[in-house]
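Engineer: Starting off with a structure, shown below.
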Amino acid sequence: MIKQIPFLSFSKMHEDSKVGIYEAFENVYISNYFILGDKVKNFEKFYADFNKTNYSIGVGNGLDALIISLRALGVGYGDEVIVPSNTFIASLLAISATGAKPVLVEPCIDTYNINPTLIEAAITSNTKAIMPVHLYGQACEMDAIMVIAKKHKLFVVEDNAQAQGATYNGALTGSFGNINGTSFYPGKNLGALGDAGAITTDDEVLFEKGKSLRNYGSKIKYLNEVKGYNSRLDELQAAFLSVKLKYLNDWNKERNKIADRYNNLLNNITEITLPKIAVGATSVYHLYVIRTQKRDKLQAYLTEKGIGTVIHYPLPPHLQEAFSDLGYKKGDFPIAEEIAETCLSLPLYPGLTEEEIDFICLTITSFFNT
């Protein structure tokens, strides 16, 4: 009898990587080298190779990865950056941290990613970049976005925090933009054992700028060319990530199998909207998000039955007090608001068993049948 299913469990991932993680810790501990050493350099090479980019820069977290990426491009006061209206607030925080203004564009209601057909209408003389966010693990429709960016001479900065390993028309997320940021927050598909992030780019100039910005704006110790940050991926997290990266493709495949089982078992419930993948895109299912008008009651029912769920994200950015200065009000972005009011993330992680998935789906079916 299944008694409790958490929303997220690290058990299988930790078991898969445990031996390597312990060895990595011992190696760093014995080395007595903890900041910007060989473990960081090695992981940067491994992650660049994984992501099929020329360069990778390890930084302290995903937010810093986006801020430094924007700063490397020269984004600042007076500039505007286009970003989806339903993203996690970190995407907007990165833009505002540079002094630039976030300009919101609605997503497609079925894929939850920014709608490329709405981007051009949001472009002004102040627009400097587009920040597509590969939400819930699905790649944005990057070909169309890159065409728009080229047409209007705009930079592209991908927020790849939720989609490590996803592709659009065969190319990996995090490899399209001029410079791109990702997060290795523990709950991500590739998660550190603490905060961590990275930047990817093919541009050597941006690579050098990013390395300087993460380290106080300094290429040579005590010589500071620009006002930078203290945002360095530490040796220990880099060593852990190097171990876990070897498992990422297999873990992503398992996530897809779980999502397929959900799709098959929930497909006949008319009151639920299941995830939809855009033509040409793949998803690594960082999250499995359904929508229903009975979201709150369904969540309460699942909680009562011992099934953990999460709402990502209950209040869209334009309604957050932190961004009240943008002057938006309820109703300005109805698609983002609709998603926020109806979405529910079901358990999905490597190690979730078929028996547990079946129980979750049977419980959901029971709720709608009653």
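Engineer: Going by the structure shown, is residue 174 part of a loop (DSSP other than H, G, I, E, B), assigned by TED's automatic domain parsing to the domain that holds residue 240 and surrounded by fewer than 23 Cβ atoms within 10 Å (Cβ to Cβ)?
Structural biologist: Against the criterion (part of a loop (DSSP other than H, G, I, E, B), assigned by TED's automatic domain parsing to the domain that holds residue 240 and surrounded by fewer than 23 Cβ atoms within 10 Å (Cβ to Cβ)), residue 174 does not qualify.
Engineer: Just name the residue that is modelled with the highest pLDDT out of those in the stretch 201-229 that are part of a strand (DSSP E or B) and over 22 Å from the mean Cα position of the chain (by Cα).
Structural biologist: Among those that are part of a strand (DSSP E or B) and over 22 Å from the mean Cα position of the chain (by Cα), it is 215.
Engineer: Assuming residue 205 fulfils every condition listed in (1) closer than 17 Å to residue 53 by Cα; (2) of a type outside the set (Ser, Thr, Tyr); (3) buried (at least 20 other Cβ atoms within 10 Å of the Cβ) apart from one, which condition is it?
Structural biologist: Only one criterion is unmet by residue 205, namely (3).
Engineer: Within the stretch 127-171, take every residue that is in a strand (DSSP E or B) and among the aliphatic types (A, V, I, L, M) and give me the one that is surrounded by the fewest Cβ atoms within 10 Å (Cβ to Cβ).
Structural biologist: So the first thing to find is which residues in the stretch 127-171 are in a strand (DSSP E or B), and the list is 127-130, 133, 138, 155-156, 159, 167-168, 171.
From what's left, among the aliphatic types (A, V, I, L, M): 129-130, 133, 156, 171.
Numbers: 129: 25, 130: 28, 133: 24, 156: 21, 171: 14.
My answer is 171.
Engineer: Then there is this: Consider only pairs whose beta carbons are under 6 Å apart and that are at least six residues apart or on different chains; among these, list those whose first residue lies in the stretch 241-269 and is within 22 Å of residue 362 (Cβ to Cβ) and whose second residue is assigned to a helix (DSSP H, G or I) and aliphatic (A, V, I, L, M).
Structural biologist: Correct list of pairs: 261/357.
Engineer: Look at residue 226 and say whether it is out of contact with any Gly (no Cβ under 8 Å at 6 or more places or on another chain) and either farther than 23 Å from residue 138 by Cβ or aromatic (Phe, Trp, Tyr) (or both).
Structural biologist: Details: out of contact with any Gly (no Cβ under 8 Å at 6 or more places or on another chain): no; either farther than 23 Å from residue 138 by Cβ or aromatic (Phe, Trp, Tyr) (or both): yes.
Spelling it out, it is not the case that residue 226 is out of contact with any Gly (no Cβ under 8 Å at 6 or more places or on another chain) and either farther than 23 Å from residue 138 by Cβ or aromatic (Phe, Trp, Tyr) (or both).
Engineer: Taking the stretch 233-248 as the search range and keeping residues that are touching a strand residue (DSSP E or B) at 6+ places or on another chain (Cβ under 7 Å) and within 16 Å of residue 185 (Cβ to Cβ), which one is surrounded by the most Cβ atoms within 10 Å (Cβ to Cβ)? Quick ask: steps written out before the conclusion?
Structural biologist: At the first step, the residues of the stretch 233-248 found to be touching a strand residue (DSSP E or B) at 6+ places or on another chain (Cβ under 7 Å) are 233-235, 238.
This time we only want the ones that are within 16 Å of residue 185 (Cβ to Cβ), so: 233-234, 238.
Numbers: 233: 30, 234: 21, 238: 28.
Selected residue: 233.
Engineer: Related question: Within the stretch 249-263, is even one residue surrounded by 19 or more Cβ atoms within 10 Å (Cβ to Cβ) and touching a Ser or Thr at 6+ places or on another chain (Cβ under 7 Å)?
Structural biologist: no
Engineer: List the strands (runs of 3 or more DSSP E) inside the stretch 1-115, counting only whole elements, that have at least 2 residues being of a type outside the set (A, V, I, L, M) and buried (at least 22 other Cβ atoms within 10 Å of the Cβ).
Structural biologist: By residue number, 55-59.
Engineer: Return the residues of the stretch 30-63 that are over 21 Å from residue 166 (Cβ atoms) and of a type in the set (S, T, N, Q); say none if nothing qualifies.
Structural biologist: 31, 32, 42, listed by residue number.
Engineer: If I ask for residues that are touching a helix residue (DSSP H, G or I) at 6+ places or on another chain (Cβ under 8 Å) and aromatic (Phe, Trp, Tyr), which ones from the stretch 213-255 would you list?
Structural biologist: Result: 229, 240, 247, 251.
Engineer: If you don't mind, there's one more thing I want to ask. Are there any helices (runs of 4 or more DSSP H) wholly within the stretch 269-370 with 3 or more residues that are over 30 Å from residue 145 (Cβ atoms) and at pLDDT 95 or above, and if so which?
Structural biologist: Result: 295-304, 354-369.
Engineer: Follow-up question, since we're still on this one. So which of 364, 335, 360, 307 is farther than 18 Å from residue 264 by Cα, β-branched (Val, Ile, Thr), surrounded by 20 or more Cβ atoms within 10 Å (Cβ to Cβ) and in contact (Cβ under 8 Å) with a residue 60 or more places away in the chain?
Structural biologist: Unique residue meeting the criteria: 307.
The values are calculated or read from the model by the stated rules, or taken from the named source; none is laboratory data. Note that this is a predicted model, so its numbers are computed, not measured. Positions of Cβ are generated from backbone atoms using ideal geometry, with glycine treated the same way; all protein chains shown enter the neighbour counts.
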